[in-house]
Amino acid sequence: MDKYAILNQYFGHSTFRPGQEALIDAILGGQDTLGIMPTGGGKSICYQVPALLLPGITLVVSPLISLMKDQVLSLTSAGIDSAYINSSLSSEQQRAVYHGIRIGRYKIVYIAPERLCLEGFLHLAQTLPISLLAVDEAHCISQWGQDFRPSYLKIPDFIQALPQRPPVAAFTATATRQVRKDIEKYLNLRAPYSVVTGFDRPNLFFEVQRPRDRRAQLLELIRSRPSRSGIVYCATRKNVEELCTMLRQHDIPATRYHAGLSKEERAANQEDFLFDRSLVMVATNAFGMGIDKSNVSYVIHYNMPKSVEAYYQEAGRAGRDGSHAECILLFAPSDIQTAKYLISHAGDDNDALTEDERREVIRRDTVRLSAMIEYCKTTSCLRGEILSYFGQAHEAHCEACGNCMIQFIETDITREAQMILSCIKRMRDKLGYTVGASLIAQVLWGSTGKRVRELELDTLSTYGLLHHLSTERIRALIERLEKLGYLETEEQHNTIRLTTLAKEVLFHGERVTFLERRPPEKAHKDKETGENSLLFEALRKLRNQIAQEEGVPAFVIFSNATLEDMARKAPRSSMEFRRVSGVGEVKANRYGKRFVDAIRVFNEE
Ligand code: ADP
């Protein structure tokens, strides 16, 4: 059998995705490799296909217990003998796996990095014909990555202890140069064949919303996506608790995850989500790496994350199976304050850092934060914004993100701009110091609040000039003026002052415009795949029922992308069934009849 036959027979795919074939060829040629692909790009196939073609065993180092379990379940259901070794196995189970390895039962074995050098395993490994060592999530070896795992540094020791060095294939979704260099260096890769695929995820729809009431909007978003699985990311544990409770009060099957919960609860909640018993996971960023749930239809950020890297990684957990999915960020200007606070206090209890290093970390984080803020505020293409950040060229408009789908209409705000700028100037003159946007907005609106009265700001001639607008609107205008360079924020105290450009507006009549969002006439849902959604629902139910019977997560049976293709093709025979993308031979034999029957019944009805 060749690689194409393997891809088709076991995985049910008809073509390789970009980068996959080249990596597979290099691995089969005995070369070290480094594969950098976005989450959902299809890294696993790159070592799984060679594993089935090479004579010996393939070891896969993987950082997370849950990930290994899912991978092995998926492989087993595709008819591939595999196993995993980690701390979740009882000693009896471990003995059974060791025995299986010894007698050559498995082609692929996943192992946790900290187990590699334990005596029992090392001795066994030294006697094995190891054809390939694959290192998943290889960025964990870098201290510059956000997921550094010291146990990854044991991998080179393990390789050294082997009688013969197998080719090493490293994979990651982290593209930064530093991390890449670290992977090559610490894993001792030998002239690796590297592939960096594009970072675009065309099936993801990106959108930034600025709702007046975030809680209400969140509820609305989730309600309008019934029976879809989604993740809601929050900045704090407190938010996680509150929102999870709120959703449950509205009968939404939500669960939660953050570092303050017991290990048992975290594991149980994660499992509920994985098995679709809870459709919505509300979590902090502690819920993350290794969540290999391929049928997540949306990721909503209730708060702005601290960097575009973090955002793309978290949002990227949607639509991993290639089906249409949404990444929605609910932005409020107060998020900026929270993020700044978190950044400046991040290293507080980290004694390992010197004062200089701590300052450097804060500096880098602040630079990353400004790119994230830019993403939230931009009126350009959101996908383009992300790809530019990762240094990738792109079209000006993707036509499939919130900003490309929305129309911005330009309105003239020169008069309002003059009022705002002159108010800021008068406030500064009166007080002798600069203040924040919220107080400025209050004065312009004509608030009778305590601070305004105490500072006698209600005596200014600009007091109440913009009473006909809401304070949110005034703040949005202030933000626009800052973006245009007429104002700047003084970093340390977050206060606002005029720049020299302001006088162009104040004294020389420079025209200022504002881009208003006008909702698109057609909802972006029209863009969704033309799936036959009723049939899709019927197939989804059947899939979930089978998953329940077999006690595995639903996506192990078939991914959403596969169900969508199935609904499109509506196969009437097992031969036609085999043509659905994602249906390999074993799965066709095992499930074909039930799905084909269900489609017939559906068509008759
Ligand atoms: P990664 O590890 O890069 O995040 P995975 O290996 O989990 O991604 O693959 C993501 C999804 O893409 C899986 O559902 C997988 O079945 C699908 N996939 C991988 N390769 C192909 C391919 N050549 N054709 C179609 N689908 C593919």
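Picking from residues in the stretch 498-515 that are touching a residue at least 60 places away in the same chain (Cβ under 8 Å) and outside any helix (DSSP H, G or I), the one that is farthest from TYR486 (Cα to Cα) is LEU515. Counting only helices (runs of 4 or more DSSP H) that fall entirely inside the stretch 1-109 and contain at least 2 residues that are over 27 Å from the mean Cα position of the chain (by Cα), under 18 Å from THR197 (Cβ atoms) and more than 14 Å from the ligand (Cβ to nearest atom), the qualifying elements are 20-28.
Results for (1) modelled with pLDDT of 90 or more; (2) assigned by TED's automatic domain parsing to the domain that holds THR176; (3) under 18 Å from ALA315 (Cβ atoms); (4) part of a helix (DSSP H, G or I), shown as yes or no for each residue.
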site	(1), (2), (3), (4)
ARG358	no, no, no, yes
THR379	no, no, no, no
GLU385	yes, no, yes, yes
HIS397	no, no, no, no
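Take ARG149 and decide whether it is in the same structural domain as LEU23 (by TED's automatic domain parsing) and in contact (Cβ under 8 Å) with a residue 60 or more places away in the chain. So ARG149 passes the test. Is there a residue in the stretch 474-485 that is among the small types (Gly, Ala, Ser) and either part of a helix (DSSP H, G or I) or not assigned by TED's automatic domain parsing to the domain that holds LEU506 (or both)? For the stretch 474-485, residues among the small types (Gly, Ala, Ser) and either part of a helix (DSSP H, G or I) or not assigned by TED's automatic domain parsing to the domain that holds LEU506 (or both): present.
Scanning the stretch 338-355 for residues that are at pLDDT 80 or above and surrounded by fewer than 12 Cβ atoms within 10 Å (Cβ to Cβ) yields TYR341, HIS345, GLU355.
Taking the criterion of being aliphatic (A, V, I, L, M) and in contact (Cβ under 8 Å) with a residue 60 or more places away in the chain, the residues of the stretch 105-140 that qualify are ILE108, ALA125, LEU128, ILE130, LEU132, LEU133, ALA134, VAL135, ALA138. Do we find a residue being small (Gly, Ala, Ser), more than 21 Å from PRO211 (Cα to Cα) and not in a loop (DSSP other than H, G, I, E, B) anywhere in the stretch 336-346? Within the stretch 336-346 (the criterion being small (Gly, Ala, Ser), more than 21 Å from PRO211 (Cα to Cα) and not in a loop (DSSP other than H, G, I, E, B)), the answer is yes, since at least one residue qualifies. Filtered by the rule that a residue be in contact (Cβ under 8 Å) with a residue 60 or more places away in the chain, part of a helix (DSSP H, G or I) and among the β-branched types (Val, Ile, Thr), the stretch 410-468 gives THR414, ILE420, ILE424. Only one of the listed residues (GLY319, GLY402) is under 15 Å from the mean Cα position of the chain (by Cα), closer than 30 Å to ALA254 by Cα, surrounded by 19 or more Cβ atoms within 10 Å (Cβ to Cβ) and in the same structural domain as VAL208 (by TED's automatic domain parsing). That residue is GLY319. Meeting the requirement of 2 or more residues that are crowded, with 16+ Cβ neighbours inside 10 Å and in contact with a helix residue (DSSP H, G or I) (Cβ under 6 Å, 6 or more places away or on another chain), the strands (runs of 3 or more DSSP E) wholly within the stretch 168-272 are 168-172, 193-196, 204-209, 254-257. If you go through the stretch 308-335 and pick out every residue that is assigned to a helix (DSSP H, G or I), among the acidic types (Asp, Glu) and within 13 Å of the ligand (Cβ to nearest atom), you end up with 0. Would the stretch 591-602 turn up any residue that is within 15 Å of the ligand (Cβ to nearest atom) and either assigned to a loop (DSSP other than H, G, I, E, B) or surrounded by fewer than 21 Cβ atoms within 10 Å (Cβ to Cβ) (or both)? No; the residues of the stretch 591-602 include none that is within 15 Å of the ligand (Cβ to nearest atom) and either assigned to a loop (DSSP other than H, G, I, E, B) or surrounded by fewer than 21 Cβ atoms within 10 Å (Cβ to Cβ) (or both).
Answer with yes or no whether GLN9 is in contact with a Gly (Cβ under 9 Å, 6 or more places away or on another chain) and polar (S, T, N, Q). Judged against the criteria, GLN9 is a match. Every condition in (1) within 16 Å of the ligand (Cβ to nearest atom); (2) closer than 14 Å to THR172 by Cβ holds for PHE148 except the one numbered (1).
The values are calculated or read from the model by the stated rules, or taken from the named source; none is laboratory data. Since we're looking at a predicted model, the values are computed, not measured. Because the Cβ atoms are built from the backbone with ideal geometry, glycine has one as well, and the counts that use them run over all protein chains shown.
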